[in-house]
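Asker: Pasting in a structure now, in structure tokens, and then I'll have a few things to ask.
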Amino acid sequence: MNNEMPVIYMDNNATTMVAPEVMAAMEPYFGGLYGNPSSMHSFGGQVGKAVANARQQVAELLGCDEDEVIFTSCGTESDSTAILSALRANPERRHIVTSRIEHPAVKNLCENISIFTGHPYRVTMLKVDEEGLIDMDEYAESLRDDTAIVSIMWANNETGVILPVEEMAVMARERGIPFHTDAVQAVGKIPFSLRDSEIDFLSLSGHKLHAPKGIGVLYVKRGTPFAPFLTGGHQEDGRRAGTENVASIVGIGRACQLAADKMDEENGRVKALRDKLENGLLSSIPRSLLNGNKELRLPNTANISFEFVEGESILLHMDRYNICASSGSACTSGSLEPSHVLRAMGVPFTAAHGSIRFSLSVYNTEEEIDTVLEKLPPIIASLREMSPFWPKK
Amino acid sequence: MWEYTETVTEHFQNPRNVGEIDNADGVGEVGSLACGDALRLTLKIEDGKIVDAKFKTFGCASAIASSSALTEMIIGMDVSKAETITNEDIASALGGLPKEKMHCSVMGREALEAALADFRGLSLPKADGEVVCECFGVTDVEIRRVVSESNLHSVEEITNFTKAGGGCGKCEEKLAELLHKTQSDGLRVIPLKQPSKRMTTLQKIKKIEEVLDREIRPGLRLDGGDIELIDVEGDTVMVSMRGACTSCFKSQTTIKEFVERKLREQVLETLVVEEA
């Protein structure tokens, strides 16, 4: 971190800045408006109205009804609630379908599901091809009479690749199987309407769309059998106990409204910035390659591998210019192996260790893109000079 | 983000002695692209003294810093002295490394050893070992050496220092065995009164079984009873009483007072014994 330079934040798939409008909307609920939304007096009641308003704002972005929106503490809680609820609703079914590229919130839960349910499950983890896409025939074959839930992410956090979850949900519905999607990366970046879909559960997270950390949403389609994860008070219609995180709920509501307003900018200006960054890096840096399908992709994400160099070293050199991004290298994850997503896609080790993910937001500027295009190529070149694998001319 | 010392950051940002010596007297290559880090060390040696050293490293900041610090340490050093450099020496030259990054210092020491062996025309001892961790190609010889050199107490530490066990994890049991063997060989005396607080479940089970056999079962068997270890989860030890003990109303007291006390004394202070 260099305190004399501005921060160039291109790590929005990790977390985002709280939008100033969101901050402003939340502030009264840290101050005078501290009532409990469940109270009978109007002092609390006005807070209850703010929660109801936020619920409506979320429902509008998702294209669903207010009573299908449950506020949770984070995307992970939403994922766990949805999956465990479906398993409890269908206790005789002992099979789960998911993919190899899920976020740990889903992947680790499914891999260790017997610890939580007390009995064993068969888990099908669908493969992906080198572009990060699932084979739909293989998916169709994986659906069985005893499948209790399908959980497939809408868009991958590392590559931004978008999966056809609406189509997959229809296929699950035809076989009477509930469908969950972790849409943490997709919400606010690509438009959709849940009213027209067969998706039963959808998870979203506030801090990925300019609301604060510590607030999430679980969408549950009306009529879907549901078993709460947290039991206690009657909040959220008895579907998620615990006094409402009012300020954050107001924040995520406002953030959803902003996301709807900025959807065109995200898919227009932000996408153009992303493309400029991506094309600039790929053309100026030899032996660099794009990870993931180029077309079926979030407008803000570019995952690029620089062969024969290691990601952490790249990130730390970029850090000297306050450029923030992520890497799928082993060293940055704290584990000793590179990203499970890139490995599932069969990205060779020469490239996986040197992968960098840039994820933009509406707050990025063209000037910032130009700075990265200027600073990064020499960093890669100097690390390659030092690499024993870089072929000498 | 890793907590690197200023020295690590400084070496990473301004690495010394990057490159390759032409017609080097000793060349050491360790690591691979698959492993995520690799180091090629070249040495110029004159009259038993290292007169120049250069490196090329693929890896994270601590790998680059370890390589850079190593070359600084050994230039001007007698070969006989360089042979005694340990990974701990490299780590302390950097003011320490995060525990998960200790393998970077080990890589430095291995490259130095390989380069000196190459200079002497010898083959490396590790080549004789048996590969224990298939994911990262780590042999038992390397593991035993690091366990004794750095006085390691757990499988997790072995992974931090050598990467062994950091991939699929299938070799964890073998690592626990190696750890136990190396420790009991007496290469380092590990005081019995201070058991590691970071034992793996496997280590716990092994030690618990030993204590049950040695100190608890003989007494119970005199009364026609027995005890069986059912499971160990974290610090909770699940046991089941057998034979005459099952119907004995005193068995709860036996478990709590006798078994738990013995296990706490001899295995781990934090253990809690429960009947399954």
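The values are calculated or read from the model by the stated rules, or taken from the named source; none is laboratory data. Note that this is a predicted model, so its numbers are computed, not measured. Don't worry about glycine lacking a Cβ; one is built from the backbone with ideal geometry, like all the others, and counts go over all protein chains shown. Remember, those area values only see protein heavy atoms, side chains included, never the ligands or the DNA or RNA. Shrake-Rupley method; radii C 1.70, N 1.55, O 1.52, S 1.80 Å.
Asker: Write down the Å³ per residue value for the convex hull defined by the alpha carbon atoms of the range A:92-226.
Answerer: Roughly 119 Å³ of hull volume per residue.
Asker: Run the 1.4 Å probe and let me know the accessible area of B:Lys163, rounded to the nearest 10 Å².
Answerer: Accessible area, nearest 10 Å²: 20 Å².
Asker: Kirkwood hydrodynamic radius of chain B from all distinct Cα pairs, in Å?
Answerer: Final number for the Kirkwood radius of chain B is 21.1 Å.
Asker: Moving on. Give, ordered by residue number, each residue of the range A:304-328 whose 1.4 Å probe accessible area is reduced by a minimum of 30 Å² on adding the remaining protein chains to the chain alone.
Answerer: Those residues are A:Glu310, A:Glu312, A:Ser313, A:Leu316, A:His317, A:Arg320.
Asker: Is the C-alpha gyration tensor of the range A:344-393 telling us rounded, prolate or oblate? Criteria: a/c under 1.5 is rounded; beyond that, a/b larger than b/c is prolate, otherwise oblate.
Answerer: Oblate.
Asker: By DSSP, what percent of the beta bridges with both residues in the protein assembly as shown are antiparallel, rounded to the nearest 5?
Answerer: 70
Asker: Pairs of alpha-carbon atoms within less than 8 angstrom and 6+ residues apart define the contacts here; what relative contact order does chain B have, in percent? Write out the running numbers ahead of the final one.
Answerer: Details: 453 pairs, mean separation 33.6, N = 276.
Relative contact order here is 12 percent.
Asker: Given a 1.4 angstrom probe, I'd like the percentage of the accessible area of the range B:126-184 that is carbon and sulfur, rounded to a whole number.
Answerer: 44
Asker: Taking all protein chains in place and a 1.4 Å probe, what share, in percent, of the accessible surface of the range B:43-104 do carbon and sulfur account for? Mind dumping the intermediate values first?
Answerer: Values: 960 of 2020 Å².
For the range B:43-104, the apolar C and S fraction of the accessible surface comes to 47 percent.
Asker: Stretch A:Glu4-A:Arg343 to full length: gain in nm at 0.36 nm per residue minus the Cα-Cα span?
Answerer: 118.2 nm
Asker: Now for a separate question. Suppose we keep just the alpha-carbon trace of the range B:81-153; what are its Rg and Dmax in angstrom?
Answerer: For the range B:81-153, the Cα-based Rg and Dmax read 12.6, 35 Å.
Asker: As a test, work out the antiparallel percent of DSSP beta bridges whose residues both lie in the range B:201-275, rounded to the nearest 5. Spell out each step's value before the answer.
Answerer: On the way: 8 of 12 bridges.
Bridges in the range B:201-275 that DSSP calls antiparallel: roughly 65 percent.
Asker: Give me Rg over Rh for the range B:126-184, both radii from the alpha carbons and Rh done the Kirkwood way, two decimal places. Show your work: numbers first, answer last.
Answerer: Details: Rg = 9.8 Å, Rh = 10.8 Å.
Result: Rg/Rh = 0.91.
Asker: What angle do you read, to the nearest 10 degrees and between 0 and 90, between the alpha-carbon axis of helix B:140-149 and the longest principal axis of chain B?
Answerer: Rounded to the nearest ten degrees, it is 90.
Asker: Further, regarding this structure: How far is helix B:61-74 tilted off the main Cα axis of chain B, in degrees rounded to 10, range 0 to 90?
Answerer: 60
Asker: Accessible area per residue of the protein assembly as shown at 1.4 Å probe, in Å²?
Answerer: On the way: 28650 Å² over 669 residues.
Solvent-accessible surface per residue comes out at 43 Å².
Asker: Continuing with this model, one more query. Taking 50 Å² as the minimum loss, tell me which residues in the range A:334-365 lose that much accessible area going from the chain by itself to the full protein complex (1.4 Å probe).
Answerer: A:Leu336, A:Glu337, A:His353
Asker: How would B:Lys170, B:Lys81 rank on accessible area, largest to smallest, probe 1.4 Å?
Answerer: Putting B:Lys170, B:Lys81 in descending order of accessible area: B:Lys170, B:Lys81.
Asker: Roughly to the nearest percent, how much of the accessible area of the range A:238-393 is carbon and sulfur, given a 1.4 Å probe?
Answerer: The computed percentage sits at 53.
Asker: Regarding the protein assembly as shown, what are the three Cα extents along the principal axes, ordered largest first, in Å?
Answerer: Taking max minus min along each principal axis of the Cα atoms, the protein assembly as shown gives 86, 81, 55 Å.
Asker: Order the peptides B:33-41, A:114-122, A:202-210 from the highest to the lowest mean number of other Cβ atoms within 10 Å of their residues.
Answerer: Ranked from most to least packed, the peptides come out as A:202-210, B:33-41, A:114-122.
Asker: Over the range A:50-156, what relative contact order in percent results from Cα pairs under 8 Å that are six or more residues apart?
Answerer: Rounded, it is 30 percent for the range A:50-156.
Asker: I've got another one for you. Name the helices (complete DSSP H segments) of chain A with a Cα length along the long axis of 20 Å or more and a Kyte-Doolittle mean of at least -1.0, or state none.
Answerer: Counting only whole DSSP H runs, the qualifying helices are A:42-62, A:75-89, A:246-261, A:366-386.
Asker: Quote the accessible area belonging to B:Met199 in square angstrom, nearest 10, computed with a 1.4 Å probe and with ligands, DNA and RNA left uncounted.
Answerer: Using a 1.4 Å probe on the heavy atoms, I get roughly 30 Å².
Asker: Would you be so kind as to identify which of B:Ile208, A:Val309, A:Gly75 lies farthest towards the positive end of the dipole of the protein assembly as shown, taking Lys and Arg as +1 and Asp and Glu as -1 on Cβ and the Cα centre as origin?
Answerer: B:Ile208
Asker: Got a sec? Which residues of the range B:22-40 lose 30 Å² or more of accessible surface with every protein chain in place, vs. that chain alone, 1.4 Å probe?
Answerer: Residues losing area: B:Leu33, B:Ala34, B:Gly36.
Asker: May I ask you to list the GluC sites (Glu not before Pro) in the range B:3-75 that are in a DSSP loop and have at most 15 other Cβ atoms within 10 Å of their Cβ?
Answerer: Here the GluC sites (Glu not before Pro) that fit, given the DSSP loop and packing criteria, are B:Glu3, B:Glu20.
Asker: Based on DSSP loop calls and a cut-off of at most 13 other Cβ atoms within 10 Å, the longest stretch of chain A free of exposed GluC sites (Glu not before Pro) is what?
Answerer: Between exposed loop sites, the widest span is A:131-294.
Asker: Let me have the relative contact order for chain A, percent, based on Cα pairs under 8 Å that are six or more residues apart.
Answerer: 23
Asker: Computed on protein heavy atoms with a 1.4 Å probe, what is the summed buried accessible area for the chain pair A and B, in Å² to the nearest 100?
Answerer: Rounded to the nearest hundred, the buried surface is 2300 Å².
Asker: What is the distance, in nm, between label points placed 7 Å from the Cα along the Cα-to-Cβ direction at B:Thr236 and at A:Arg320?
Answerer: 5.2
Asker: Taking the range A:262-386 as the region of interest, what is the percent of Cα-Cα pairs per 10 angstrom bin, listed from the shortest bin to the one with the maximum distance?
Answerer: Calculated P(r), rounded to whole percents: 13, 46, 34, 7, 0.
Asker: Cα convex hull of chain A: mean projected area in nm², to one decimal? Each step should come with its number before you reach the end.
Answerer: Working: hull surface 81.2 nm².
The Cα convex hull of chain A, projected and averaged over all directions, gives 20.3 nm².
Asker: For the pair A:Ser382 and B:Glu269, what calculated FRET efficiency results from E = 1/(1 + (r/R0)^6), where r is the Cβ-Cβ distance and R0 = 45 Å, to the nearest 0.05? List each step's numbers first, then the result.
Answerer: Working: r = 51 Å, r/R0 = 1.13.
So the FRET efficiency works out to roughly 0.30.
Asker: With a Förster radius of 51 Å, plug the Cβ-Cβ distance of B:Leu122 and A:Ser283 into 1/(1 + (r/R0)^6) and report the FRET value to the nearest 0.05.
Answerer: 0.60
Asker: Return the percentage of antiparallel bridges among DSSP beta bridges fully within chain A, rounded to the nearest 5 %.
Answerer: The antiparallel fraction comes to roughly 55 percent.
Asker: Can you compute the modelled spin-label distance between B:Ser148 and B:Ser80, with each label point 7 Å from Cα toward Cβ, in nm?
Answerer: Modelled inter-label distance: 2.2 nm.
Asker: With each pseudo-label sitting 7 Å past Cα toward Cβ, what's the A:Leu230-B:Cys168 distance in nm, one decimal?
Answerer: Simple spin-label model gives 4.0 nm for this pair.
Asker: Still on this model: Tell me whether the range B:6-120 comes out rounded, prolate or oblate; compute the Cα gyration tensor, take square roots of the eigenvalues as a ≥ b ≥ c, and use a/c under 1.5 as the rounded threshold.
Answerer: Cα axes put the range B:6-120 in the prolate bin.
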